[in-house]
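The values are calculated or read from the model by the stated rules, or taken from the named source; none is laboratory data. Quick caveat, the model's predicted, so the values are computed rather than measured. Cβ: placed from backbone, ideal geometry, glycine included. Neighbour counts: every protein chain shown.
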Amino acid sequence: MLKSLCSKTLLASALIALSSTAMAADKVYRLKLAETWGPNFPVFGDAVKNMVKMAEEMSDGRLQIRVDSANKHKAPFGVFDLVKSGQYDLGHSASYYYKGKLPTTMYFTTMPFGMNAPEQYAWFQYGGGQELMDEVYAEHNLVPFPGGNTGVQMGGWFRKEINSVDDLANLKMRIPGFAGEVLAKLGATPVNIPPGELYTALERNTIDALEWVGPSLDLRMGFHKIAPYYYMGWHEPATELMFIANKKKLESLPKDLQAILTTSMRKAAYDMFIHSYAESAKNWQTMLQEFPNIQVKTFPAEVMAAMKKATDDLVKEKAETDPMAARIIQSQQQYMKLIRAYTAISEQGYLNSTEDL
């Protein structure tokens, strides 16, 4: 009799466990994501859509992510706080937009005269960059992930030609992140403006110049109609966007869904880099052929040297006053020294040796 009762008890427990597992496997987890960009924003917004689609498909529908664009949540530069507070579970933005709130965030987007995209991805994944980024965001209940790279960005659209450092004095320019501080050191006035307001700001003379991305996105924005001087880049050689997750919400998901979500983010980030590169190549040809008024320029050597010196001076100042910044800067500089030697004999070496063939 006792043996029979034990067997029935064990069977009941097993059935309950199986039922609970089945219910967990069938449960749909609904998340909300806030993005800095407007609805149907090309390339950047496409990365978010790709991530959401992959997460839903790989989870067999158990992960459902609703995306709210900036026109819905009304805080294009507030994604950090929206996710931190739990109003949203996920976000897609750019780390350097939040340097005013948390200065060390800006190093995880890009640095003037720094690593290019493959070098920076190597630093994130194999050089300690992700671990440093995790540490910076952890105190804010956030988990960050690389969210897509634009590659080298162009130096910007200018109404007037830049012939000397003096031409930067009192120049009001939309330029975020560390590069904005560099130009401020040289007398310019940097401002940050949401993407949807850039054309209007340039058209109404609110700003004299702006940098956005490159041919992948700039052409459709119409900046060339107002500011014909298009300068080569120096300030953002590897602009990495970011996905961020509310730590508590992320850890509340079953382990398999956590893995699916993070894998979807990583794949979407890589896809965005390739997408941006492809769109830039296509739009560059369109610009050359259809808009001959665009004057592509390189900054004079004097200006480049001044921007490099200002960058070096600022990096030194940051490292001396902020221990966390010092750790990130040291990590980036050491890794760049390591990896740039290989870039020089591989990518750059290939281009140099085949240039005249």
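May I ask you to verify whether LYS337 is out of contact with any Asp or Glu (no Cβ under 8 Å at 6 or more places or on another chain), charged (D, E, K, R) and assigned by TED's automatic domain parsing to the domain that holds GLY128?
Criteria met by LYS337.
Can you tell me which residues in segment 192-219 are surrounded by fewer than 15 Cβ atoms within 10 Å (Cβ to Cβ) and of a type in the set (D, E, K, R)?
Hits for segment 192-219 are GLU197, GLU203, ARG204.
Which members of segment 143-178 meet the condition of being out of contact with any His (no Cβ under 9 Å at 6 or more places or on another chain), in a loop (DSSP other than H, G, I, E, B) and on the phi < 0 side of the Ramachandran plot?
Correct list: THR150, VAL152, MET154, ARG159, LYS160, GLU161, ILE162, ASN163, SER164, ALA169, LEU171, PRO176.
What pairs come up if the first residue lies in segment 224-236 and is surrounded by fewer than 18 Cβ atoms within 10 Å (Cβ to Cβ), the second is small (Gly, Ala, Ser), and their beta carbons are under 6 Å apart, counting only those six or more places apart or on different chains?
Within 6 Å, the pairs are MET232/GLY155.
Out of ALA306, ALA301, I need the residue that is under 30 Å from PHE158 (Cα atoms), buried (at least 17 other Cβ atoms within 10 Å of the Cβ), outside the structural domain of GLN130 (by TED's automatic domain parsing) and out of contact with any Cys (no Cβ under 9 Å at 6 or more places or on another chain). Which one?
Within the list ALA306, ALA301, the selection yields ALA306.
Does MET272 satisfy the condition of being touching a strand residue (DSSP E or B) at 6+ places or on another chain (Cβ under 9 Å) and among the aliphatic types (A, V, I, L, M)? It would help to see each step written out before you state the result.
Numbers: touching a strand residue (DSSP E or B) at 6+ places or on another chain (Cβ under 9 Å): yes; among the aliphatic types (A, V, I, L, M): yes.
Considered against the rule, which asks whether it is touching a strand residue (DSSP E or B) at 6+ places or on another chain (Cβ under 9 Å) and among the aliphatic types (A, V, I, L, M), MET272 comes out as yes.
Select from segment 120-141 the residues that are surrounded by 21 or more Cβ atoms within 10 Å (Cβ to Cβ) and touching a Gly at 6+ places or on another chain (Cβ under 9 Å) and list them in ascending order.
Of everything in segment 120-141, those that are surrounded by 21 or more Cβ atoms within 10 Å (Cβ to Cβ) and touching a Gly at 6+ places or on another chain (Cβ under 9 Å) turn out to be GLN120, TRP123.
Which helices (runs of 4 or more DSSP H) sit wholly inside segment 179-268 and have at least 1 residues that are modelled with pLDDT under 95, at positive phi and outside the structural domain of GLY100 (by TED's automatic domain parsing)?
So the answer is none; nothing clears 1.
Results for (1) in contact with a helix residue (DSSP H, G or I) (Cβ under 6 Å, 6 or more places away or on another chain); (2) modelled with pLDDT of 95 or more; (3) surrounded by fewer than 20 Cβ atoms within 10 Å (Cβ to Cβ); (4) in the same structural domain as SER276 (by TED's automatic domain parsing), shown as yes or no for each residue.
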position	(1), (2), (3), (4)
ALA14	no, no, yes, no
ASP46	no, yes, yes, yes
ARG66	no, yes, yes, yes
TYR88	yes, yes, no, yes
SER93	yes, yes, no, yes
